[in-house]
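This report concerns only the one structure given below.
The values are calculated or read from the model by the stated rules, or taken from the named source; none is laboratory data. Treat the numbers as computed from the prediction; the structure is a model and nothing was measured. Backbone-built Cβ (ideal geometry, glycine too); neighbour counts: all protein chains shown.
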Amino acid sequence: MVAAETIAADLALEQRKADADVEQVRERARRDQELLDSGSIGDPKQLQSLQHELVSLARRQGELEDVELEIMERVEGAEAAVRVLTAERDALTAEREALAASVLAQRADIDAERAGVVVERAALVEGIPADLLSLYDKIRADHGGIGAAPLHRGRCEGCRMVLPPNEIEALRAAPPDAVLRCEECRRILVRTDESGL
């Protein structure tokens, strides 16, 4: 945007200079023509010189007008580029604002969900022995927030490792209230109907 606006401003300045140059030549030609038309020049050489100057001024005016037209075309192109970039910037600004609003809404949803989970967890924690809860929290802190994993068909769903047959036998023989742990990742194993025990 800054580069395009700078180019457009520079070209507008160049156009004003070209306009001024053309106007200066026109004014001089007008004065010379008035002098010629007044009939006040009696000297043939001076008259011929004045006519020659009018021809030169007409040629110079044509050249300057060509330059002026070229600059005007470049100004139009630069202004069109600024308009396109301005529209793109405005669209991106609107998109950014919409995304920011969406992020805020999602954060609010996450915060609300987190608050609900905290309440649910607090209710569940009441029935869990303190030493088991302490062990779970320690494992959870060490393993990216996951302290327990289901045992599914002989595989720990925490580390995705299939337990060897001798460990499966040891888990099968453990009492129902025993805290079982994966030998690989050390997470607490949760027994389900799908555990394969």
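Odds and ends about this structure:
- Among the residues making up the stretch 28-53, those that are surrounded by 15 or more Cβ atoms within 10 Å (Cβ to Cβ) and under 59 Å from the mean Cα position of the chain (by Cα) are ARG28, ALA29.
- Filter result for ARG74 (at pLDDT below 90, closer than 30 Å to ALA18 by Cβ and within 46 Å of the chain's Cα centre (by Cα)): yes
- Complete set of residues in the stretch 156-197 that are closer than 18 Å to ASP142 by Cβ and acidic (Asp, Glu): GLU157, GLU183, GLU184
- Criterion (surrounded by 11 or more Cβ atoms within 10 Å (Cβ to Cβ) and without any contact (Cβ under 8 Å) to a residue 24 or more places away in the chain) met by exactly one of ASP137, ASP109: ASP137
- Here ALA8 clears all of (1) under 18 Å from GLU70 (Cβ atoms); (2) modelled with pLDDT of 90 or more except the condition numbered (2).
- A count restricted to the stretch 160-185 and to residues that are surrounded by fewer than 16 Cβ atoms within 10 Å (Cβ to Cβ) and in a loop (DSSP other than H, G, I, E, B) stands at 11.
- Yes/no for ARG89 being farther than 20 Å from VAL190 by Cβ, out of contact with any Pro (no Cβ under 7 Å at 6 or more places or on another chain) and not acidic (Asp, Glu): yes
- Considering only residues in the stretch 152-197 that are charged (D, E, K, R) and within 42 Å of the chain's Cα centre (by Cα), the one that is nearest to PRO129 (Cα to Cα) turns out to be ARG187.
- If you go through the stretch 127-151 and keep only what is of a type outside the set (A, V, I, L, M, F, W, C), more than 44 Å from the chain's Cα centre (by Cα) and at pLDDT 85 or above, you end up with PRO129, ASP131, SER134.
- Cross-chain or 6+ apart pairs with Cβ under 7 Å, the stretch 170-196 first and free of Cβ contacts under 8 Å to residues at least 24 places away in the same chain, then not aromatic (Phe, Trp, Tyr): ALA174/LEU180; ARG181/ARG187; ARG181/ILE188; ARG181/LEU189; GLU183/GLU167
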